[in-house]
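The values are calculated or read from the model by the stated rules, or taken from the named source; none is laboratory data. If you're wondering where the values come from, they're calculated on a predicted model, not measured in any experiment. For neighbour counting, all protein chains shown are included, and Cβ atoms are generated from backbone atoms with ideal geometry for every residue, glycine included.
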Amino acid sequence: MRIGIFGGTFNPPHQGHKKLALEFMSRLSLDLMLVIPTYTPPHKAAPDLASGEDRLNMCKLCFSEDFFKVSNIELLRKGKSYTVNTLQELKEQYPDDELFFIMGSDMLLTFHQWREPDKILDLATVCAATRENGLTKKLYEYVDKKYSHSEDRFKIFDFAPVEVSSTWIRNNPTKAMKNNLINDGVEKYILEKGLYCK
């Protein structure tokens, strides 16, 4: 199988996440997309992070189709979530399958600072997307400069993500619901649990 790996804080998961995942499903001809909420993201502080259980449940409501599988692999591990550790575990679970790791275009530019980036490239193809012409060129230049020996392990696509952030949704939950930026199941869950109430 061709398996996508889509990790994130998902605090909360929103329609931008869903659109991005579906676009990658199509562009990469994936058979399955693993959606993986992080326990503690190593690259950012998360003072208003909903519990792992809540984020896992919201992801199941957001990514409900059969070709998505929401995984608690990083929540079970606890501590800081490093991509290389997750990919090693997944390769043990899916030894005969091809893994595609999906990341934000801005994060790709710091890939050389990640833990064991060459090991990540051994385990998975790294995929990113952007519609900004200048940034697309910058990404290709970055890969050419830093990873000319492994250029075939990167895929850069030209399509725009939905311009919405989880931070904005947490700060404006009512507006987000009104504008359908989160789906009905996630909206109901947030209201029932009283999440992101200031």
Pairs, first on the phi < 0 side of the Ramachandran plot in the stretch 89-102, second among the small types (Gly, Ala, Ser) and not in a strand (DSSP E or B), C-beta under 8 Å, six or more apart: Leu99/Ala124; Phe100/Ala124; Phe101/Ala124; Ile102/Ala21
Residues satisfying the stated conditions in the stretch 155-187, i.e. assigned to a helix (DSSP H, G or I) and either touching a Pro at 6+ places or on another chain (Cβ under 8 Å) or closer than 15 Å to Lys19 by Cα (or both): Ser166, Ile169, Arg170, Val186
Residue among Leu195, Leu135, Leu139, Leu191 that is over 17 Å from the mean Cα position of the chain (by Cα) and in a loop (DSSP other than H, G, I, E, B): Leu195
Any hit, the stretch 91-108, residues being surrounded by 15 or more Cβ atoms within 10 Å (Cβ to Cβ), farther than 23 Å from Lys69 by Cβ and of a type outside the set (Lys, Arg): yes
Residue list for the stretch 107-129, restricted to those being over 13 Å from the mean Cα position of the chain (by Cα) and over 18 Å from Ser81 (Cα atoms): Leu109, Asp122, Thr125
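Of everything in the stretch 77-88, what is surrounded by 14 or more Cβ atoms within 10 Å (Cβ to Cβ) and not in a strand (DSSP E or B)? Give them in sequence order.
Once the filter is applied, which keeps residues that are surrounded by 14 or more Cβ atoms within 10 Å (Cβ to Cβ) and not in a strand (DSSP E or B), the stretch 77-88 yields Arg77, Ser81, Tyr82, Thr83, Val84, Asn85, Thr86, Leu87, Gln88.
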Qualifying residues in the stretch 148-180 (those that are hydrophobic (A, V, I, L, M, F, W, C) and in contact with a Lys or Arg (Cβ under 8 Å, 6 or more places away or on another chain)) - the one surrounded by the most Cβ atoms within 10 Å (Cβ to Cβ): Phe157
Selection within the stretch 50-76 - out of contact with any Gly (no Cβ under 8 Å at 6 or more places or on another chain), exposed (fewer than 13 other Cβ atoms within 10 Å of the Cβ) and of a type in the set (Gly, Ala, Ser): Ser51
Qualifying residues in the stretch 22-49 (those that are surrounded by 22 or more Cβ atoms within 10 Å (Cβ to Cβ) and within 23 Å of Met177 (Cβ to Cβ)) - the one modelled with the lowest pLDDT: Pro37
